[in-house]
Amino acid sequence: MKRISLVLTLFFSTLFLFAGNYKSFKVSVYTRAYEVEKMKDLHWLDSTWNIISQQVKVDKIYLETHRDLLIVPEKTLEQAKKFFKDRSVEVAGGITFTIDESNNFETFCYSNPEHRKIVQHIAEYTAKHFDEFILDDFFFTSCKSDIEIKAKGSKSWTDYRTQLMTEAGKELVLKPAKRINPNVKVIIKYPNWYDHFQGLGFDLKNGPQIFDGIWTGTETRNPAGEQHLQNYLSYNAFRYYENLRPGHNGGGWVDAGGSEIGMDRYAEQLWLTMFAKAPEITLFAYHQLVEIPLKPQHRTPWQGLGTSFSYDEMMKPILLDNGQSVKPATLARAAGVTLESIDKFISKLGKPIGIKSYKPFNSLGDDFLQNYLGMIGLPMDMYSEFPTDQKVILLTEQAKYDEDIVVKIKSQLQKGGDVIITSSLLKAIPNKIADIAEIRCTDLKAIVNDFGYNGKSERDILIPQVRYQTNDCWEIASAGRPLIGGVSGYPMLLRGLYSKGNLYVMTIPDDMGNLYDLPAGVLNTLRRVMSKDLPIHIEGPSKVSLFLYDNGTCIVESFNDVPVDIKVITTKDINNLKDIIDRSILQASTEEAPGAMFRHQRNDTTESNSYSITLKPHSYRVFETISGRVKTQL
């Protein structure tokens, strides 16, 4: 049975093998129906394709058949397909199931018989013309028409919509498409707002299992935008979806959002997607790659410092295969420079690993917290099944959806493992947690800025007050205003013993963004406690991420606007770090682990090796870890 499962995984993974322009991945471009419809004009098609293809190497193109009730005529579709195939570009289809994007992304009403007929027709039409097609973000429903209200009945919107859209996926898309074209592969693209999917019908429990493949929206754009997405999500979302059905997540998807604050932000989304080991990156969309010009405003203040993305390098003339050169003109060149740069080392990275965090299917709570934690140097690895193979497991408020969560926590502790829960989970299920330790997260708040020997924050931070029984639990990190010389204090990290393990409560500020304001001392404590399964953690300020891989490679990246100094802390057996890009070797210095309270947290030794590193603004460094002697050249 295991052999059959392995064969199937390998078979499906071949759906997403990358082609020849890059060593490590495939690059594709998604084209909206609006632009595909314009491809009836071959002069327009040829001229716009030249703009894109001269600036970025493209392996594949997705031609959309429908968006906003526009269905591209067959003659135009076939002409466009031939154009790209003649240029050795792989061709696939796409569908966006919207009625009117400009009207709050108006979707179809999937209990409406007339709408169901249209949806089925679009799926059949697309399958007729393509052996593979992808559903853009909008295979969900926000419809609350009278028909839908009646059909919903007494169910919650979440239960009603997830059941409805699972049925629609099977009956209106998959079955009709495969009747028309038995060879067709149907891929569903999931966007970036995963914690809220179930409310509009995206069902991560069933959807990844019924479709032939999935895709990941890794757009994080401008954090000041309405979604307030953290940069780290471009990595984390891909890894989470990959864990839902390993081997079936075909790629990431990035648009131009965020480029308005600097082209570094656009480039960063691309490379974070590839740090997650996506087999393919889809550039949305054809019109953006043609129409968004490169402007001096895209050059950020920290350019010229040798950062990972170089605006000046991007603006150099492009030498074409025919010996001619062209001037970089549009967003496409930013994509081209970025992807060519990271292709030099992505193939040398192993499988991503991190701190396992349990998120039950269709759960809410501590929304998107793992992305904030990733931004303070905690490498995240999210699963929708409770991990049983780790020394440390992270549980956010989402875990309250598991009725058996305390049984699972106890099992982890009784075998000698640790569990870190957030203050939000503690508040959600206090009576259940009390069977392990009588800890309470009260309704009271505290304003803090002093963390004792761990340092001070530049801003006041509002936190919930966590209470516990003295000597039954101990504060590992504390906070007050002030703490030293003050009159009160509150735990930021609390530890309680149970059987052979440790239950930790991590206090989450009311504003998750205040995690970035925590002093390095607090962050270092969190990183040390939570990294028992990992050979490496970091020390230093916030907005620095760590990416780890099972073959001993790692990446550290800073999201700060100024250079920052960090330390990479490794297990004692790692003697050197080799920079994969510039081939330099960093020598280790041995340092004592912090006091006795931490010695239980690493099983191998009370010593570790430390490497001091300066990270340039919005830049990364890629390392190979070396144990014993220096390895041969990669």
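Please treat every number below as a calculation from the coordinates, not as lab data. Only a predicted model underlies this, so the values are computations on that prediction, with no experimental measurement involved. Neighbour counts run over all protein chains shown; Cβ positions are idealised from the backbone, glycine included.
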Inset, instruction - With a 10 Å radius around each residue's Cβ, average the other Cβ atoms per peptide and rank 185-193, 206-214, highest first. - result: 185-193, 206-214
Inset, instruction - Return, in residue-number order, each cysteine of the chain whose C-beta is not under 4.7 Å from any other cysteine's C-beta. - result: CYS441, CYS473, CYS554
Inset, instruction - Give, to the nearest whole percent, the P(r) tail of the range 65-199 beyond 20 angstrom, counting all Cα pairs. - result: 48
Inset, instruction - For GLY94, enumerate residues with amide H under 5 Å from its amide H, sequence gap 5+ or separate chain, H modeled in the peptide plane. - result: LEU63, GLU64, THR65, ILE134
Inset, instruction - Rounded to the nearest 0.05, what FRET efficiency do ILE147 and ARG467 give with R0 = 60 Å and r taken as the Cβ-Cβ distance? Could you check? - result: 0.75
Inset, instruction - Would you mind putting 256-264, 217-225, 41-49 in packing order, based on average other-beta-carbon counts within 10 Å, highest first? - result: 256-264, 217-225, 41-49
Inset, instruction - List, largest first, the extents of the alpha carbons of the range 146-259 along their principal axes, each in whole Å. - result: 39, 38, 24
Inset, instruction - For the chain, build the charge dipole from Cβ charges (+1 Lys, Arg; -1 Asp, Glu) around the Cα centre, then report which of GLN414, ILE429, TYR62 sits farthest towards its positive end. - result: GLN414
Inset, instruction - Would you order VAL505, VAL337, VAL91 from fewest to most other beta-carbon atoms within 10 Å of each residue's own beta-carbon? - result: VAL91, VAL337, VAL505
Legend entry - Distance (nanometres) between label positions extended 7 Å along Cα→Cβ at ALA329 and ILE447: 5.6
Inset, instruction - Count charges around LEU233 for me, please; just the other residues with Cβ under 12 Å from its Cβ, Lys/Arg as +1, Asp/Glu as -1. - result: -2
Legend entry - Burial order of peptide ranges 242-254, 149-161, 312-324 (average beta-carbon count within 10 Å, highest first): 242-254, 149-161, 312-324
Inset, instruction - Could you please report the charge total around ASP443, scoring K, R as +1 and D, E as -1 over all other residues with beta-carbon less than 13 angstrom from its beta-carbon? - result: +3
Inset, instruction - Pull up all non-local amide H partners of MET382: gap of 5 or more, or a different chain, and H-to-H distance under 5 Å with H placed in the peptide plane. - result: TYR240, SER357
Inset, instruction - Would you work out the relative contact order for the chain, in percent, from Cα pairs under 8 angstrom that are 6 or more residues apart? - result: 10
Inset, instruction - For every other residue with a beta carbon closer than 11 angstrom to the beta carbon of THR273, add +1 if it is Lys or Arg and -1 if Asp or Glu, then tell me the sum. - result: -1
Inset, instruction - Compute the separation of the alpha-carbon centres of the range 33-54 and the range 493-566 and state it in Å as a whole number. - result: 47
Legend entry - Alpha carbon Rg of the chain, scaled by the compact-globule rule 2.2 N^0.38 Å: 1.00
Legend entry - Full-stretch length increase - GLU114, LEU319 - with 0.36 nm per residue and alpha-carbon distance subtracted: 68.5 nm
Legend entry - Rounded to 5, percent antiparallel among DSSP beta bridges of the chain: 55
Legend entry - Under 5 Å, built H, 5+ apart or other chain: amide partners of SER608: GLU591, ALA593
Legend entry - Whole-Å distance, taken between Cα centres, linking the range 421-479 and the range 161-228: 38
Inset, instruction - Note down the magnitude of the dipole of the range 224-306 about its Cα centre, charges +1 on Lys and Arg C-beta and -1 on Asp and Glu C-beta and zero elsewhere, to the nearest 20 debye. - result: 200
Inset, instruction - Pop out the ³J(HN,Hα) list for the range 279-285 in order, Karplus 6.51 cos²θ - 1.76 cosθ + 1.60 with θ = phi - 60°, rounded to Hz; leave Gly and Pro as x. - result: x, 8, 10, 9, 8, 9, 9
Inset, instruction - Could you calculate the contour length gain from ILE429 to LEU497, that is, 0.36 nm times the residue separation minus the distance between their Cα atoms, to one decimal place in nm? - result: 22.6 nm
Legend entry - Where a label projected 7 Å from the Cα of THR590 along Cα→Cβ would reach, residues of the range 538-564 with amide N under 17 Å: none
Inset, instruction - Measure up LYS40/LYS60; LYS277/LYS400; LYS85/LYS295; LYS117/LYS170; LYS410/LYS432; LYS456/LYS500 against 22 Å on the Cα-Cα distance and list the ones that go over. - result: LYS277/LYS400; LYS85/LYS295; LYS456/LYS500
Legend entry - Kirkwood-Stokes translational diffusion coefficient of the range 450-598, alpha-carbon pairs, 25 °C, 0.890 mPa s, µm²/s: 142
Legend entry - the range 224-379, Cα convex hull volume normalised per residue, Å³: 155
